[in-house]
Structure formats: structure tokens, C-alpha cells
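Shown next, in C-alpha cells, is the structure this report addresses.
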Amino acid sequence: MAVRCLVVEDEFFTRDVLSLTLRRANIDVDVVESGAAALEYLQTNQPDVALIDLHMPNIDGYDVINAIRADKRLQNLIIIIITANPSAINTPEAQAADAFLSKPLDIQRVVEVIRQKIQVRQS
């Protein structure tokens, strides 16, 4: 079964590196650069995993996570937070996530966490 991952990240370099790395790991990737674009994407798509940066302009990652958790259609979506702010783990939104990864990202660790979470979800 193919795994589809949505990357929600406003920094071009991070988006690009994540996209390339995940594709090389045989994970299908869709990339958006804002919270608004993520919410629009999620209206018509159901990825298996979402990597969400918390700090973005306008609609931030917190708002995206709240919207996902409020949508019954997306209840099985695995949310992995990516952020440069380690104290963000103490927020209610972070507690609603399935995993938390700090920037700078260890790219191989991102792939490992995705695979672990998918394996747990499928068992």
C-alpha cells in the first residue's frame, strides 16, 4: 500500500528537502506552503500522514491541527509536528499530534517516524 504524505511548510528549502527525501523513501508526497493551502487540500484529499510546521503566517499549524481534529473524515490522519520551537510541545495542539520533530530535522528520522506511525496504525 502506498503511503501519501502532506507536507505543510512555509520554508522553501525545508519543503524541498522533505519532498525529495520522502519520494526517495517511496512515500507519495504533496506539498503546500501555507495553512490555508493545507485546509483547501484537505477538503478533497485524505493523505495518510501530515507533516505540519507550526509557525506559518496567517493560518498557522495550530489552526490546521485544530481543523483536522474537528473533521471526522480526517480522524485517522497521522499528524507529525515539525517546528524549531521545542517548547511548542506543551500546547494542546501538540498534544493532539501523533509525533513531534524538532528543527533542524534529521531527515532519516522523519522517514522512520512516518513508517513507525503507519505500521502502528495498520496493526
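Bear in mind these aren't lab numbers, they're just calculated from the coordinates by the rules spelled out. Since the structure is predicted, the reported quantities are computational estimates derived from the model, not experimental observations. Cβ: placed from backbone, ideal geometry, glycine included. Neighbour counts: every protein chain shown.
For segment 4-30, how many residues are farther than 16 Å from Q108 by Cα and surrounded by 17 or more Cβ atoms within 10 Å (Cβ to Cβ)? Residues in segment 4-30 being farther than 16 Å from Q108 by Cα and surrounded by 17 or more Cβ atoms within 10 Å (Cβ to Cβ): 4 in total. Among residues of segment 32-59 being surrounded by fewer than 20 Cβ atoms within 10 Å (Cβ to Cβ) and charged (D, E, K, R), the one that is farthest from V17 (Cα to Cα) is E40.
Output the residues belonging to segment 26-53 that are among the aliphatic types (A, V, I, L, M) and free of Cβ contacts under 8 Å to residues at least 40 places away in the same chain.
V29, V31, V32, A36, A37, A38, L39, L42
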